[in-house]
Ligand code: FES
């Protein structure tokens, strides 16, 4: 039996039929609604909440845990189309001559950014950025791989979703895919596999080897090129980004860091790079955090504490709805500075917290604190949230320490810290150092690269020898697999500390 379903978001309304027993999330995905479903539908993240209205009642439910049982209306929010904080799309250009066009695509797990390039003179004709349309299938790459493996048509579904989104981004810039001479993609290894229709499952299982490192050679799809991958978790986004940074030509030894859903890093310079990746998880994207959200309107993006108390900034200047990655790192840094979070990561309750802080806190059932950021108490941080962020920051910090150790270097031997990616661009390095995620010693020598992956993809289209350079650079990268690595296992628990207890 099928039922009549009406779906409404702030931007559109759709009417469709759904079979009895069909999961609400499946209906929303099928109809192309970009709902947040961070855990990929496993009922673990609580992010897929929608309002379900039937003849009998109206209630808030998890879309992945409820089924169609009668005619109904689903009210949902969409992330797609929301402003992307760090990649503002340029105005749509007037494209008149289409023969020389190509496009560079930064294929991120969370966002996709496309740039149209005129090959005749290398000029940029327009940029479009959106949240990755695969978001309803999970916030992180592992959830996406699971979707690919759990359903016979999973890989094809995700491939079609991202290819359709690419076509729509191009259409928004006034061109069609067939107008392009080339589309050059720089993304992590799993995203590139899914785009190409290659099975990403081997990357999610030991020994984590991809099906292909040079995906373009494997698929031989005309007019489609991919940046070469170093390993299952060091992908084309890193080779393209390293090329754009120019680091491989410099006589310096620096650290290149791209913190997204995974933390990818490379240490080196002209003599080559040692690379690794850590599962920092989607916490910095706001997923898995009670009041976490992407960097959209309504997200608290920065938090400070001065003599007058707590101050925070909200994207769009509207009332706070949640808190995004940069705000979470700031908030954690403030809580560490105020000693509301202990060095070992305990969020203190109101009785244990320093004077003047009790008004922000309540005690949970385990005797830990809940920290209320907003006056209306709608945005808060729990002890479990602190734990998630602690795991994420410890993974990044431990990865850095292992790279240093295996290179025989000390942090003071490094010339600079290059930070790639939109989140890195917006994160306050002082806060990241305060919580122990990046070395304090490097905060005065930081180069913010912005979207280095996109810049590398553009270079691959416009510079005659760029693809050769990319291949050489990829050969100059050595990879360390950290799962099971003894040094990483030693470092990780050490890096769980936010600060030494007697440290001012
Ligand atoms: S709880 Fe439904 S997608 Fe995570």
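Please label the shape of the range 442-497 as rounded, prolate or oblate, based on the square roots a ≥ b ≥ c of the eigenvalues of the alpha-carbon gyration tensor (a/c under 1.5 means rounded; beyond that, a/b larger than b/c means prolate, else oblate). Oblate is the answer for the range 442-497, as a/c is 1.5 or above yet b/c matches or exceeds a/b. Shape of the range 395-494 from the C-alpha gyration tensor: oblate (a/c of 1.5 or more and a/b not above b/c, with a ≥ b ≥ c the square roots of its eigenvalues). For the range 101-236, the antiparallel share of DSSP beta bridges with both residues in that region comes to about 65%. Pairwise Cα distances in the range 2-75 exceed 18 Å for 30 percent of all pairs. Subtracting the Cα-Cα distance of residue 177 and residue 447 from their residue separation scaled by 0.36 nm leaves 93.7 nm.
If one computes P(r) from the Cα atoms of the chain, what percent of pairs lie at distances over 32 Å? Taking all Cα-Cα pairs of the chain, the fraction more than 32 Å apart is 43 percent. Label sites at residue 11 and residue 365, each approximated as a point 7 angstrom past Cα along Cα to Cβ, lie 3.9 nm apart. Helical runs (DSSP H, four residues minimum) scored at -39500 (n - 2.57) apiece and divided by the length of the chain put the mean residue ellipticity at 222 nm at -8500 deg cm²/dmol.
Need one number: nm distance between label points at residue 376 and residue 412, each 7 Å from Cα along Cα→Cβ, rounded to one decimal. Once both label points are built, they end up 5.1 nm from each other.
With the simple spin-label model, which puts each label point 7 Å out from Cα in the Cβ direction, the residue 468 to residue 100 separation comes to 2.3 nm. Three principal axis extents of the range 101-236 based on alpha-carbon atoms, in descending order, are 45, 28, 21 Å. Cα centroid separation, the range 269-300 to the range 189-250: 19 Å.
Annotation: extensible slack from residue 387 through residue 249 equals 45.7 nm (criterion: 0.36 nm per residue apart, minus Cα-Cα distance). For the peptides 64-75, 128-139, the ranking by packing is 128-139, 64-75, with the highest mean count of neighbouring Cβ atoms within 10 Å listed first. The gain in end-to-end length when the residue 69 to residue 123 segment is fully stretched comes to 14.0 nm, 0.36 nm per residue minus the alpha carbon separation.
A short reminder: the numbers here are calculations on the coordinates, not readings from a lab. These figures come from a predicted structure and were not determined experimentally. We place every Cβ from the backbone using ideal geometry, glycine too, and count neighbours over all the protein chains shown.
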